[in-house]
Amino acid sequence: MSAERTLWENDATGLAELVHSGEISPQDLVDAAIACAEATRPDINAIAEPLYDAARTRAKSVDRTLPLAGVPFALKDLGIAIKGVPTHTGSRIPAFTADFNSVMTERYLAAGLIPVATSTSPSESAAFGITRNPWNTDHTSGGSSGGAAALVAAGVVPAAHASDGGGSIRVPAACSGWLTRRAPLKVPG
């Protein structure tokens with residue numbers, strides 16, 4: 001089975017178990033997530049910043065005993081800092097580039113998650129345009145965590161950082177089928 005198919009068919013804990021058992025490497029998972037991200041990127045427009053080089057570097061050295069070791073992940077482009085990565089918050093004003101990781105970023109990394117991209121926020125932004133629903137690209141993915149929901153629903157990552165101040169993840173999760181993660185898009189391999 002291809003790494004892309006393995007990524008598609010497993011949730012975050014299932015992928016971590018495969019890494020722990022040695023059945024798949026973090027490098028293979030990250031490469032599969034990147035291939036899926038690039039295959040779906042034109043259709044759903046859910047990536048604010050690709051973090052591919054950093055993800056590949058981290059995959060080589062991640063501690064495989066961590067609870068979510070090697071699992072590809074996306075961080076929302078709003079309300080979280082990643083050292084050296086521009087945060088746009090969906091705006092055309094100049095991006096903020098932190099010289100630190102926020103506490104949540106540190107916790108995600110400490111669990112073994114590997115960020116492969118930041119996800120667009122909101123679903124219709126001046127900076128990135130419309131983030132499309134993987135189930136029907138004629139529709140938006142809904143809400144400020146729409147990029148996160150679209151990436152999970154499209155099978156790019158099994159889990160993603162999101163936030164919710166007034167339905168910001170509940171609406172996109174409902175619109176994009178976050179929980180089923182079986183949108184009928186291209187799955188490489």
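The values are calculated or read from the model by the stated rules, or taken from the named source; none is laboratory data. Quick caveat, the model's predicted, so the values are computed rather than measured. Cβ: placed from backbone, ideal geometry, glycine included. Neighbour counts: every protein chain shown. With ligands, DNA and RNA removed, areas are computed over all heavy atoms of the protein, side chains included. Shrake-Rupley method; radii C 1.70, N 1.55, O 1.52, S 1.80 Å.
For region 17-138, just list the percent of Cα-Cα distances falling in each 5 Å bin from zero outward, please.
Using 5 Å bins, I get a P(r) of 2, 12, 20, 21, 19, 15, 8, 3, 1, 0 for region 17-138.
Put a dot 7 Å past each Cα toward the Cβ at HIS20 and GLU124; how far apart are the dots in nm?
4.4 nm
If you take the beta carbon distance between MET1 and ALA111 as r and set R0 to 25 Å, what does 1/(1 + (r/R0)^6) give as a FRET efficiency, to the nearest 0.05?
For MET1 and ALA111, the calculated efficiency is 0.50.
At 7 Å along the Cα-to-beta-carbon direction for both LYS83 and ASP43, put a label point, then send me their distance in nm to one decimal.
3.7 nm
Calculate, for the chain, the solvent-accessible area per residue in square angstrom, rolling a 1.4 angstrom probe over the heavy atoms of the protein chains.
Each residue of the chain exposes 43 Å² on average to a 1.4 Å probe.
Determine the share of the chain's accessible area contributed by carbon and sulfur atoms, expressed in whole percent, with a 1.4 angstrom probe.
So the carbon and sulfur contribution to the accessible surface is 54 percent.
State, as an integer percentage, the relative contact order of the chain based on alpha-carbon contacts under 8 Å between residues 6 or more apart.
Dividing the mean separation by the residue count of the chain yields 25 percent.
Give me, ordered by chain and number, the residues 5 or more places off HIS139 or on other chains with an amide H under 5 Å from its own placed amide H.
The list, which skips near neighbours in sequence, is ASN133.
Choose one answer from PRO122, PRO94, PRO67: the residue with the largest mean-square fluctuation in a GNM of the chain with alpha-carbon springs under 10 Å.
Its mean-square fluctuation being the largest, the pick is PRO94.
Got a sec? Which residues in region 144-168 would a label at PHE96 touch, if it sits 7 Å along Cα→Cβ and we count backbone N under 18 Å?
Residues 144-145, 162-165 qualify, since their backbone N sits under 18 Å from the label point.
Which of the peptides 26-34, 46-54 is most tightly packed, and how do the rest follow, judged by the mean count of other Cβ atoms within 10 Å per residue?
Final packing ranking: 26-34, 46-54.
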